[in-house]
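See below for the structure under consideration.
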Amino acid sequence: MIFSRNPGRRLRCAVVCMLALAGLSACGGGTSQYETFTPGRVVVFGDETSAIDSTGQKYSINAVNSFDNGDGTSTNTLDCASQPNWVQTLASLYGYVFAECNPNHVLEPKGRMFAAAGAKVGDVKIQIDSLLAAGGFRGDDLATMLVGENDLIALYQQYPARPEADLMAAAQALGKQLALEVNRIVGLGARVIISTVPDLGLTPYAHKQRFEFDDIDRSALLSRLTAAFNEQLGVNIILDGRYVGLVQADLRTQAMVRSPGSFGLGNVTDGACVPTEPPPLCNTQTLVTGASAGGWMWADDLRLSYASQQQIAVLATDRAQRNPF
């Protein structure tokens, strides 16, 4: 991918290149067209935000098809291809699916799923090693990475027995650790789209914790831990534009809370799933009264709804399309 933070510079470069090519043409020289990178596979690493389990369920709000049995009852069946998570949407940009959700029985799915529920930063190395053991990376692999939430919640839960300064340092170390794993993937020949962790201080979990135990704003603490992790991730990954694309999910979740209506959201503070059916069991038939997959920001206390997953997908696909490898 070629990512530039200076569109003006990019435009100037384009003009210079056009003039240079015109000069070559006038002199009888040949030209060659730049080829957009199309991945041969999409390989997914990280935690439940990206994961699809072996039954096709996602850790968000799943879609179901309801069939009338004709006897006053109905049967719900999972529709894993509908209400996709962010990596499914990114893979679909290239026409790819994952073996975990392959309703059309594609013979050789080009999406590879290594992300898993509960995964932490330390598990990413194991996920990468699993791919290496299965044949390794290819030069046309596009890897995705989103992990860190479970680490940050575990750190937060050590407060106040462990002082905030210690927790912040630990969050920063984890961000740097993940960046090194991303750089490792680049060194193995793949391109990477990596997402920052959404702002955990905005979750329903954080709202419930806010002043539950003391007069310290616990939601603000969770936001600070998230920021510390994301900052070190951002400054330590290889961001020269050719290999890594950064998706800033933290900024997008903050924007969604500031202006819910701009994103079609009616609720940004509560979980949509009934507590007895949390993700991955949660589906459109198991939501609290008034909730919807597309109108609520959160599936449960910590996991993103379908609507929020698609906001990350918008950023990821935009990065892939506007800044091709």
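Throughout, read-outs are computed from the coordinates displayed, never taken from laboratory work. Just so it is clear, the model here is predicted, and its values are computed rather than measured. Please note: Cβ atoms are built from the backbone with ideal geometry, for glycine as well, and neighbour counts cover all protein chains shown.
Here the peptides 121-128, 198-205, 255-262 are ranked by packing, the mean other Cβ count within 10 Å, and the order with the highest first is 198-205, 121-128, 255-262.
Each of [x] 20.8, 70; [y] 19.3, 56; [z] 21.5, 80 is a candidate for Rg and Dmax of the Cα atoms in Å; the one calculated from this structure is [z]. When each full DSSP H helix of the chain is screened for a Cα extent of at least 24 Å along its own axis and an average Kyte-Doolittle hydropathy of at least -0.5, the helices passing are 7-26, 164-187, 218-236. Spatially, the stretch 175-242 and the stretch 82-155 are offset by 18 Å when compared through their Cα centroids.
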